[in-house]
Amino acid sequence: MLADSDPTEHLWMHFTTLRAQRDVAPMMVRGEGCYVWDSDGRRYLDGLSGLFTVQVGHGRVELADAAREQAATLAYFPVWGFANEPAVALADRLAAMAPGDLNRAFFTPSGGDAVETAIKLSRQYWKLRGEPMRTKVISRYLAYHGTSIGALSLTGVPSIKSVFEPLMPGAIKVQTPYRYRCGDCMHLDACTLRCADDVALRIEMEGPETVAAVFMEPVQNTGGAFVPPEGYWARVREICDHYGVLLVSDEVISAFGRFGHMFGSLRYGYQPDMITFAKGITSGYSPLGGVMVSDRISEPFVDAPVAFLQGQTFGAHPVSCAVANANLDVFEREDLCGHVLANQDRFKSLIESLRDIPLVGDVRGDGYFLAIELVTDQVSRGTFSPEQADWLLRDHLSPRLFAAGLICRADDRGEPVITLSPPLIAGEEEFALIASTLRDVLTDADREFRTRQ
Ligand SMILES: Cc1ncc(COP(=O)(O)O)c(C=O)c1O
């Protein structure tokens, strides 16, 4: 049945034009380790872990077994008023791993739901604390936090928001730490932290008594792996404390080993009031997200007659929680965080070696999460016109990289970037294949770009 099915007729692929889907709808049918195979039997190196998700790699039978066993024992029961064993065990494990007093886990079906939940929890928390005016949320330009209306309001990418306006009011944006193009510090030896101070400026402008929470990723994905400058997180935490605003670390991509630590905030040494997570918690073998919540935030709910007024049918799904536990077993047994820490420098140096290609402007990132920002000219850091970017990314790089058997992301929600985020089991063989494929395809792209000018 599968071999005959036509992917262009009834399935609606996400963030994909139906026109593109009609022309090309590659269908992946199998995965093993860092590789996936399409329905024509072609092999691809999964340089994006699906979507920053498949941390332990594809084809892990023990995760499938965990799902099967849980489905056969108790496939489903709602977490509305009932606990289930895998969810309790998972919450215990996460509380032990999470930084500081983030001792409670609220499980959701996805990352966007986790963000939505954190927005709602921050609002209800402030109502219970007697500060009902604190409803506004702050996030960064370009950042992606999900697609439901609340999460989309936090998202700072106008091109995916405007058709849904008006969105949630009171979603304020602040500067992204983007040193490569920062008008303030790109020519200085160090960042001035004006990007962090922008949070204080916005809180002052909005009125501190109206601001509920700040949402940020440890390393921002959209725009290309923006690593926080030295001192950034300490300053943001200090500002949030000063104004009594909650700090939510959106770790939907950054948690579960991406930077060699179980949480991105542990890598960068700051204490959030909440962490949102998803993706790598199950390595994608079953959908699950959630929010780790500090004692300070759960405290007013502990003896109150009110519940947190949030819930989803598939929240804390027993099968997904069982898969997450099996996934964390793999992390422990194979010391995946240790593997990332031991290999990240080699990965970075191979990608850095592409800097001799004139299109390569910047290489940045951390752990198993790197981005290459493309430029028209390295010295002036020249940017592409929309038509040039469109040709480069959509007509050239995306199809050529795919044809060369490398799945990664060529993205222009900011300046054109190529994002890499391989499964955490990747090593020398995969790094070398990624680097050589990128060298071939970027060298070609560079030549064609210059002939077109
Ligand atoms: C930082 C961040 N937050 C939230 C989300 C939304 O997660 P989901 O796609 O599971 O709803 C994403 C998705 O990529 C993300 O990268």
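Rounded if a/c is under 1.5, else prolate if a/b is larger than b/c, else oblate: which is the chain, with a ≥ b ≥ c the root eigenvalues of its Cα gyration tensor?
oblate
Please list, by residue number, every one of the GluC sites (Glu not before Pro) in region 176-235 that is coil in DSSP and has at most 15 other beta-carbon atoms within 10 Å. Present the calculation step by step, with values, prior to reporting the outcome.
Details: sites: GLU204, GLU206, GLU209, GLU230; in loops: GLU230.
Of the GluC sites (Glu not before Pro), the ones in loops of region 176-235 whose Cβ has at most 15 other Cβ atoms within 10 Å are GLU230.
Give me the accessible area per residue for the chain, probe 1.4 Å, as a whole number in Å².
Result: 43 Å² of accessible area for each residue.
How much of the accessible area of region 62-333, in percent, comes from carbon and sulfur atoms when a 1.4 Å probe is used?
Numbers: 6180 of 10780 Å².
Here it works out to 57 percent.
To the nearest 0.05, how large is the calculated FRET efficiency for GLN21 and LYS173 if R₀ is 30 Å and r is the Cβ-Cβ distance?
E between GLN21 and LYS173, to the nearest 0.05, is 0.40.
Which chymotrypsin sites (Phe, Trp or Tyr not before Pro) in region 60-112 sit in a loop by DSSP (not H, G, I, E or B) and have at most 12 other Cβ atoms within 10 Å of their own Cβ?
TYR76, TRP80, PHE82
Could you check the simple spin-label distance between GLN388 and ASP295, using points 7 Å along Cα→Cβ, in nm with one decimal?
5.6
Spin-label point model (7 Å from Cα, Cβ direction): what's the MET205 to ARG43 distance in nm?
Each label point is offset 7 Å from its Cα along the Cβ direction, giving 5.3 nm.
What does the extension gain come out to for TYR180 and ALA304, with contour length at 0.36 nm per residue minus their alpha carbon separation?
39.8 nm
Among the aspartates and glutamates, select those whose C-alpha is under 12 Å from the C-alpha of LYS136, and discard any that sit fewer than 8 residues away in the same chain.
Excluding near neighbours in sequence, the set is GLU206, GLU209.
Could you calculate the contour length gain from ALA95 to THR73, that is, 0.36 nm times the residue separation minus the distance between their Cα atoms, to one decimal place in nm?
5.4 nm
Can you give the accessible area of SER5 in Å² (nearest 10), computed on protein heavy atoms with a 1.4 Å probe?
Here the residue's solvent-accessible area equals roughly 50 Å².
What is the calculated FRET efficiency for GLU85 to ASP329, with r their C-beta to C-beta distance and R₀ = 22 Å, to the nearest 0.05?
It comes to 0.90.
Only four residue types carry charge here, +1 at the Cβ of Lys and Arg and -1 at the Cβ of Asp and Glu. Report the dipole size of the chain about the Cα centre in Debye, rounded to the nearest 20. Let's see the in-between values first.
Details: 42 positive and 59 negative charges, 137 e Å.
Once rounded to the nearest 20, the dipole reads 660 debye.
Region 76-150 to region 172-191: how many Å between their Cα centroids?
Comparing the Cα centres of region 76-150 and region 172-191, I get a distance of 30 Å.
What is the spin-label model distance, in nm, from ALA403 to LEU11 if the labels are put 7 Å beyond Cα along the C-beta direction?
If labels sit at ALA403 and LEU11, their model points lie 2.3 nm apart.
Do any GluC sites (Glu not before Pro) in region 1-68 lie in a loop, going by DSSP, with at most 15 other beta-carbon atoms within 10 Å of their beta carbon, and if so which?
Of the GluC sites (Glu not before Pro), the ones in loops of region 1-68 whose Cβ has at most 15 other Cβ atoms within 10 Å are GLU9.
Given R₀ = 41 Å, FRET efficiency for SER148-THR192 by Cβ-Cβ distance, to 0.05?
Using R0 = 41 Å, I get an efficiency of 0.70.
The values are calculated or read from the model by the stated rules, or taken from the named source; none is laboratory data. Keep in mind that this is a model prediction, so the values were computed, not measured. All Cβ positions, glycine included, derive from the backbone under ideal geometry; neighbour counts span all protein chains shown. Areas reflect the complete protein model, heavy atoms only, side chains present, ligands, DNA and RNA absent. Shrake-Rupley method; radii C 1.70, N 1.55, O 1.52, S 1.80 Å.
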